[in-house]
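> What follows is a single structure, and I will ask about it in a moment.
The values are calculated or read from the model by the stated rules, or taken from the named source; none is laboratory data. The model shown is predicted, which means the values in this text are computed figures rather than measured ones. Please note: Cβ atoms are built from the backbone with ideal geometry, for glycine as well, and neighbour counts cover all protein chains shown.
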Amino acid sequence: MSFGRFREPLAHWIGRRFFFGWAMLGVAALGIFVSGAGQSHTFSVFVGPIGRDLGLSETTIASAYGSATLVAAFCLPLMGRLVDRNGARRMLLIVTLCLGLACFAFGAAGGMIWLAFGFAALRFLGQGSLMMICTNLVSQWFARNRGFAISLMTLGFSVSMAAHPALSQWLIDLAGWRQAWIWLGVTTWLLLLIPVLFLVLDRPSDIGLLPDGASKQVDSGAAVTTAARAAREDVSLTLQQALRSPAFYIVAGGLCLLSMMVTALHFFQVSIFATHDLDATVASRVFAVSAITMVATMPLIGRLLDRLPTHYMFAAGLVIVACALTGATLVDGLMTAILYAVVFGLGNAFTITLYGYLWPRYFGLKYLGSIMGVGQMIGVVGASIGPLPLGVANDWLGGYDPMLLAMATVPAAWAVVALFLREPKAE
């Protein structure tokens with residue numbers, strides 16, 4: 001059965017009512033939500049049940065998780081090339097099918113090796129591939145409003161942070177951790193397969209549109225403006241050209257640092273608060289404050305990215321994460337904990353929005369998958385090693401604060417580097 005015979009007529013029917021790119025944005029946001037099956041906030045609920053069932057310590061599970069994340073990271077450049085070659089729609093369909101199967105397989109894990117392979121598959125397909133493909137899809141459909149569109153797409157991640165841990169815990173209590181993964185796999189298919197099959201088109205040119213909804217057949221001022229704003233896509237760099245440009249290393253380095261620092265704070269927040277005499281209940285509840293801050297500020301950050309010089313916004317995000325690291329050392333009660341959570345939530349909002357925005361902004365769309373694949377690999381490697389300095393500091397120094405302050409200087413220094421970010425030129 002060919003779904004193409006339904007897809008384009010449906011797109012034209014929807015397009016008579018509003019720009020079809022908003023439907024693509026909705027599917028991409030759903031994809032980001034579904035990626036929760038491969039995200040840290042979901043795995044955290046399963047550590048205890050898996051350890052008790054398989055007789056594995058938390059250290060062993062954490063080691064398997066970290067190693068699997070690294071393996072998944074080095075597979076992402078291949079996925080990026082496949083997206084460039086085959087298009088976002090086809091790869092989104094394949095990844096969704098494979099993610100459901102990976103959930104089923106993970107629920108059948110019988111030991112350390114199977115568990116590690118399961119972690120690697122879920123991280124590669126969910127946290128890596130789905131997020132990259134969805135960002136690629138939205139970038140194709142929006143140019144002038146890309147920052148705002150990506151910020152709306154990433155709200156799916158915030159919803160996943162709120163929903164997946166609670167859903168997973170309910171499923172564990174109801175049927176056990178193995179059955180929980182089967183239902184997560186089924187949910188993945190139920191939510192995403194039908195929208196991908198019937199709605200997704202790779203790019204607006206497939207139905208005679210330009211990014212942001214201007215018609216190719218209409219010589220209007222809006223169309224000309226949109227085409228001008230999308231001019232960067234006409235000078236897309238290849239991966240090799242990108243790797244020879246200073247812009248690639250400024251962007252990759254900054255995003256890697258953001259990923260490292262945010263992951264470290266997520267991983268050790270409860271422990272950091274404990275050293276400041278705050279109990280685990282307070283530490284866990286302020287995560288909700290950070291999540292609310294993310295939801296409230298991501299659309300604003302997206303709008304500002306569309307209107308302000310990008311290098312200033314990039315530098316601002318790095319400075320805010322540096323402030324969050326510093327703020328963690330100043331927590332001494334509920335009010336300071338809430339203030340820290342707001343700053344940390346803002347840092348998270350900048351991180352996830354910049355992650356989707358910067359690659360198409362500076363390197364164009366034609367080879368975006370290949371470039372994002374390498375860039376995301378660097379970022380995931382950063383995330384996998386981010387908590388290590390804090391763990392070492394606590395073991396050797398008996399606390400986190402000195403290392404937090406030292407780590408804060410790194411994104412602050414890179415913010416100065418970000419001010420020198422300029423568009424690379426195709427050779």
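> Would you confirm, using the coordinates I've provided, whether W22 is assigned to a helix (DSSP H, G or I), at pLDDT 85 or above and surrounded by fewer than 20 Cβ atoms within 10 Å (Cβ to Cβ)?
yes
> I'd like to verify a number: residues in region 391-410 that are farther than 16 Å from L330 by Cβ and in contact with a Phe, Trp or Tyr (Cβ under 9 Å, 6 or more places away or on another chain), how many?
Number satisfying all stated conditions: 3.
> Go through the residues of region 121-135 one by one and say whether even a single one is among the aliphatic types (A, V, I, L, M), within 19 Å of Q39 (Cβ to Cβ), surrounded by fewer than 23 Cβ atoms within 10 Å (Cβ to Cβ) and out of contact with any Asp or Glu (no Cβ under 8 Å at 6 or more places or on another chain).
yes
> Right, here's the next one. Taking T238 as the residue in question, decide whether it is in the same structural domain as G345 (by TED's automatic domain parsing), closer than 21 Å to Y357 by Cβ, surrounded by fewer than 22 Cβ atoms within 10 Å (Cβ to Cβ) and modelled with pLDDT of 80 or more.
yes
> Do we find a residue being under 17 Å from the mean Cα position of the chain (by Cα) and in contact (Cβ under 8 Å) with a residue 40 or more places away in the chain anywhere in region 329-345?
Taking every residue of region 329-345 in turn, at least one turns out to be under 17 Å from the mean Cα position of the chain (by Cα) and in contact (Cβ under 8 Å) with a residue 40 or more places away in the chain.
> Identify the residue in region 325-352 that is under 15 Å from T297 (Cβ atoms) and in contact with a Gly (Cβ under 6 Å, 6 or more places away or on another chain) and, among all such residues, is surrounded by the fewest Cβ atoms within 10 Å (Cβ to Cβ).
V343
> Additional query: For the list (1) hydroxyl-bearing (S, T, Y); (2) within 19 Å of Q127 (Cβ to Cβ); (3) touching a residue at least 60 places away in the same chain (Cβ under 8 Å), I need the number of the one condition that T275 fails.
Among (1) hydroxyl-bearing (S, T, Y); (2) within 19 Å of Q127 (Cβ to Cβ); (3) touching a residue at least 60 places away in the same chain (Cβ under 8 Å), the lone unmet condition for T275 is (2).
> Can you find a residue in region 269-284 that is closer than 15 Å to N348 by Cβ and not acidic (D, E)?
Yes, there is a match, as at least one residue in region 269-284 is closer than 15 Å to N348 by Cβ and not acidic (D, E).
> Another one. For region 375-382, state whether one or more residues are touching a residue at least 60 places away in the same chain (Cβ under 8 Å) and not in a helix (DSSP H, G or I).
No, the conditions are met nowhere in region 375-382.
> So which pairs qualify, if the first residue must be in region 292-307 and of a type in the set (K, R), the second must be in a helix (DSSP H, G or I) and buried (at least 18 other Cβ atoms within 10 Å of the Cβ), the Cβ gap must be under 9 Å, and the two must be at least 6 apart or on different chains?
Close Cβ pairs satisfying both conditions: R303/G147; R303/F148; R303/S151; R307/G147.
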